[in-house]
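The values are calculated or read from the model by the stated rules, or taken from the named source; none is laboratory data. Because the structure is predicted, anything quoted here is derived from the model rather than measured. Cβ placement follows ideal geometry from the backbone for every residue including glycine, while neighbour counts extend to all protein chains displayed. Accessible surface areas use protein heavy atoms only, side chains included; no ligands, DNA or RNA. Shrake-Rupley method; radii C 1.70, N 1.55, O 1.52, S 1.80 Å.
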Amino acid sequence: MTRRRTRAAVAATLALTGALALGACGADAVSSGNAGATIPTASAGTTPGPSAGGTSPSAGPTSGWGPGMWSGNRGPGMMGGDSGSWAPGMMGQGMMGNWWLAGNGNRVQTLGQARQRAQVFADRLGLKAGEVMQFSKNFYAELKTGGGRMATEVLVNPVDGAVQIEYGPAMMWNTDYGMHYGSQSQVRVSAAQARSIAQQWLRSQGTGRTAGEADSFPGYYTLHTLKSGKITGMLSVNATTGQVWYHSWHGDFVAMSGG
């Protein structure tokens, strides 16, 4: 089977699973907007106001695979597993290869160890690990092409080293490695516009956070969120609709290694 056909099969499976997931969280779903609409100056369909306690922005749009499925939920929910952050139940064996790398049973405690696990996964896709970040709930890594372009984003489970495509934008918006692989969505938002949209969204949350530079992934941008010049988290902006999706599943930022 060719690589394109393999990805198409994975996307079809995810589409079915996503449809089931929508039954559980469809009430929180947000329209992606009209493809021909004018790009908003701030994202449409986001959840206004800071979360309880006022320390972290509320999540962005949710639709099937969104952060509403995992954020702050420690139970297994729709996606299986014992932690709301990890979801191997429905994302496990059936998604081996393009979406999931089973853990090796060894704890991941350093950025170097996380990079090694991310690279094992990246090798399957002909990619290489870039920036690696450590958060209180997981490790995050960018994956790049051989030419240095951003390809996708993954999470590394600190408990056993399992690696998966990051849920949220990397699954739902990535047009090369995500659920909508092969989508011809037109890029209507530039990196500068994405940063401006992110900045306005963060301002609307009232947390005092600002947006960093926008890294361009297929179909969307991902940006660090900052407070007093220090990284606090990240969010993504859709390159077609301008929607914002805050990565609410990481926890607190700990450390980072460039790449």
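Brief remarks on what is shown
- Residue in region 110-118 that is assigned to a helix (DSSP H, G or I), modelled with pLDDT under 95 and open to solvent by 30 Å² or more (accessible area, probe 1.4 Å) present: no
- Comparison of GLY182, GLY168, GLY206 shows that the only residue that is more than 20 Å from GLY258 (Cβ to Cβ), touching a His at 6+ places or on another chain (Cβ under 7 Å) and touching a residue at least 60 places away in the same chain (Cβ under 8 Å) is GLY168.
- Test: residue in region 202-216 that is touching a helix residue (DSSP H, G or I) at 6+ places or on another chain (Cβ under 6 Å), buried (at least 24 other Cβ atoms within 10 Å of the Cβ) and under 14 Å from ASN238 (Cα atoms): yes
- When GLY161 is tested against (1) closer than 15 Å to TRP100 by Cα; (2) open to solvent by 10 Å² or more (accessible area, probe 1.4 Å), just one condition goes unmet, and that condition is (2).
- Filtered residue count, region 119-132, keeping only those that are assigned to a helix (DSSP H, G or I), surrounded by 17 or more Cβ atoms within 10 Å (Cβ to Cβ) and modelled with pLDDT of 95 or more: 3
- Candidates MET172, MET256, MET179 - the one that is open to solvent by 20 Å² or more (accessible area, probe 1.4 Å) and at pLDDT 95 or above: MET256
- In region 125-139, residue farthest from the chain's Cα centre (by Cα) [restricted to those that are within 13 Å of THR152 (Cα to Cα) and of a type outside the set (Asp, Glu)]: GLY126
- Verdict on THR152 being over 18 Å from GLY103 (Cα atoms), of a type in the set (S, T, N, Q) and surrounded by fewer than 22 Cβ atoms within 10 Å (Cβ to Cβ): no
- Strands (runs of 3 or more DSSP E) enclosed by region 133-216 - at least 1 residues per element that are out of contact with any Phe, Trp or Tyr (no Cβ under 6 Å at 6 or more places or on another chain): 139-144, 150-156
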